[in-house]
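Here the structure comes first, spelled out in structure tokens, and everything after it is commentary.
The values are calculated or read from the model by the stated rules, or taken from the named source; none is laboratory data. Everything numeric in this text was worked out from a predicted model, so none of it was measured. Counting neighbours? That spans all protein chains shown, and the Cβs are built from the backbone with ideal geometry, glycine included. SASA here: full protein model, heavy atoms, side chains in, ligands and nucleic acids out. Shrake-Rupley method; radii C 1.70, N 1.55, O 1.52, S 1.80 Å.
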Amino acid sequence: MKAFTNASPRDLTQAVTLIRQSRDASRSVAIAGGGSDLLGMMKERLVTPDVVVHLKAVKNLDQVKQTKDGVTIGGLITLDALGAHPLIRKQYTVLAEAAEGVATAQIRNVATLAGNLNQRPWCWYYRNGFKCLKNGGTTCYSVTGENEFHAIFGGGPSYIVHPSDTAPALVALDATFRIVGPDGERRVPAAEFFTLPTVDPARENVLKDAEVLAEIVLPARAASTRSTYHKILDREAWTHAVVSAAVVLDMNKDVVRTARVVLGGVAPIPWRLPEVEKMLAGQRMTPDLAAKAGEAAVAGARPLAKNGYKVPLTRNMVKRTLEGFA
């Protein structure tokens, strides 16, 4: 690990100023919330910042606040606190379940929501220092190499899968992200925050230089809303979803009024299924409808040589998750 300077701003304005000043001075910058992923990447020299800007000293960015329009969640809230928060568990169950399923208890105690959303890919080529598309190169080695855990939707030229559990849940909840930067504040729908490799194969989201994901805004949910998050792992803990599904349904008894279904572990971004949502809307939830939705969920899948198993896994994941609402 190379030598670096620590900076601990007192507020977001100072944080953005420090980031901008460092970059203007040609000093590379990394932003740390909990720092659980960043530290490992620095040890492996995947990132070699001159300055690490720690946001932990910024006040009130770890709070859940109810408003007349819904709920705001600070980006620095830990995943453990998020998963255990009574308001989130009651009104936004899918997010609580996603947060409490991340990695291990030790990591959830320090890892933040913003960090989970902005973490870099866990493709083994990138994490092992290959000069791939995510690491300044021109090749995605997974195309012809080891691709068991890579994308079956939305791949090309990179075939990473987005590693965040909370990202599919927030897209399913129609969240908005409040971003703060040197040009002021902007708000971006969660569904537009994550970007495909065709936009920029080296990036996974729309954050610009010196911008910080400060807060997540959730719209108010009707009392008739039900939601859940399920994922399949290749081992019991300390890993990412092979396939996951975030489902949010507004229901009148057993009839679906509206639906949001978003997959994780299968694409470079949280992968929404609009055709499945249309299929569910206005229908009574039954095992037969769940099975048809599972079939529709894998339409257009384009597996690589070694990850074709994800197609039936995804089909059955969607089917079983929806059956829980029947």
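Taken over the range 18-35, the residue count meeting the criterion of being of a type in the set (Ser, Thr, Tyr) and open to solvent by 40 Å² or more (accessible area, probe 1.4 Å) is 2.
Among the residues of the range 108-152, the ones that are outside any loop (DSSP other than H, G, I, E, B), among the polar types (S, T, N, Q), free of Cβ contacts under 8 Å to residues at least 60 places away in the same chain and more than 24 Å from residue 39 (Cα to Cα) come to 1 in all. Taken as a whole, the range 170-183 holds at least one residue that is modelled with pLDDT of 95 or more, of a type outside the set (Val, Ile, Thr) and part of a strand (DSSP E or B). Just checking, does the range 292-299 include any residue being open to solvent by 30 Å² or more (accessible area, probe 1.4 Å), assigned to a helix (DSSP H, G or I) and over 25 Å from residue 194 (Cα atoms)? Looking through the range 292-299, at least one residue is open to solvent by 30 Å² or more (accessible area, probe 1.4 Å), assigned to a helix (DSSP H, G or I) and over 25 Å from residue 194 (Cα atoms). Checked against the criterion of being without any contact (Cβ under 8 Å) to a residue 12 or more places away in the chain, under 24 Å from residue 179 (Cβ atoms) and charged (D, E, K, R), the range 33-56 has no qualifying residue.
Across the range 193-205, the qualifying residues are those that are more than 14 Å from residue 123 (Cα to Cα) and open to solvent by 40 Å² or more (accessible area, probe 1.4 Å), and the one among them that is nearest to the chain's Cα centre (by Cα) is 196. Taken together, the criteria exclude residue 210 from residues that are touching a strand residue (DSSP E or B) at 6+ places or on another chain (Cβ under 9 Å), part of a helix (DSSP H, G or I) and in contact (Cβ under 8 Å) with a residue 12 or more places away in the chain.
The number of residues in the range 307-326 that are surrounded by fewer than 20 Cβ atoms within 10 Å (Cβ to Cβ) and part of a loop (DSSP other than H, G, I, E, B) comes to 5. Determine, yes or no, whether residue 72 is part of a helix (DSSP H, G or I), open to solvent by less than 60 Å² (accessible area, probe 1.4 Å) and at pLDDT 90 or above. So residue 72 fails the test. Taking every residue in the range 303-322 that is farther than 22 Å from residue 228 by Cβ and pairing it with any residue that is part of a helix (DSSP H, G or I), at least 6 positions away or on another chain, the pairs with Cβ-Cβ distances below 8 Å are 303/310; 303/311; 304/142; 304/143. Out of 98, 84, one residue alone is of a type in the set (Gly, Ala, Ser) and surrounded by 19 or more Cβ atoms within 10 Å (Cβ to Cβ). It is 98. The set of residues from the range 36-66 being of a type in the set (Asp, Glu), under 18 Å from residue 121 (Cβ atoms) and open to solvent by less than 80 Å² (accessible area, probe 1.4 Å) comprises just one member, 37.
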